[in-house]
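The values are calculated or read from the model by the stated rules, or taken from the named source; none is laboratory data. All values reported here derive from a predicted model rather than from experimental measurement. All Cβ positions, even for glycine, are placed from backbone atoms using ideal geometry, and neighbour counts span all protein chains on display. Accessible surface is based on the protein model in full, side chains and every heavy atom, while ligands, DNA and RNA are left aside. Shrake-Rupley method; radii C 1.70, N 1.55, O 1.52, S 1.80 Å.
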Amino acid sequence: MDPLLALFLFLHVMGAIAVFGPTFAFPVIASQAQKSPQNGPFAAVVSEYIERRIVIPGAIVQGITGVALILILKADLTSAAYRWLVGGIILYLIAIIYAIAVQAKNAEKMVHLTSSAPPPGSPPGPPPGVAELGKQLARGGQILTVLIVLIVILMVTKPQV
C-alpha cells in the first residue's frame, strides 16, 4: 500500500473513532442529568464543550482527510464503483450542517438555560423549557447517530450497485 494512502487512511479511521466515539456517551450523560438534576448544568456544559471543541472541528478534519483520500486514490466519483462514496459524502454534509446549524445551537441554549439560578419564588425543578429542549437535543442526537452509522456502513461495506 502506498505510504501516503496508508497515512491518510489511518488518520481518517482514527479520526472517526476519536471524534464520533464520545458522542455515543451523550445519552448516558443526559440520562444521569435527568436522574440527578443538580448535575444538569454540568452535564449541559460538558456535552456542549465536547460538541464544540471535539466533534465539530474533528468532523471538519474528517472531511479534509476524506477529500485527501479521494485525491490520493484518484477516485472517479462519477463512476458506478464510487456511488457508495457519493452517498456517504451527501450524508456527511447533511450531518455536519445539522450539527452546526441546529444541534450545537440547541446545546448552547441548554447551557444558558441551566447555568443561572432560578429567580426567587420559582417553582422547584428545572427552568422552563429545559425538558422540551432536552427532547430536541435527544432527537437531534438520534438523527446524527443514524447518519454516522449509515456513513460507517457505507465506508466499510462499499456496496456496489
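Contact map, the stretch 15-33: residues that are on the phi > 0 side of the Ramachandran plot paired with residues that are of a type in the set (Gly, Ala, Ser), Cβ distance under 7 Å, separation 6+ or inter-chain. No pairs are found. Counting only residues that are open to solvent by less than 80 Å² (accessible area, probe 1.4 Å) and either closer than 25 Å to residue 105 by Cβ or modelled with pLDDT under 95 (or both), the stretch 4-55 holds 28 of them.
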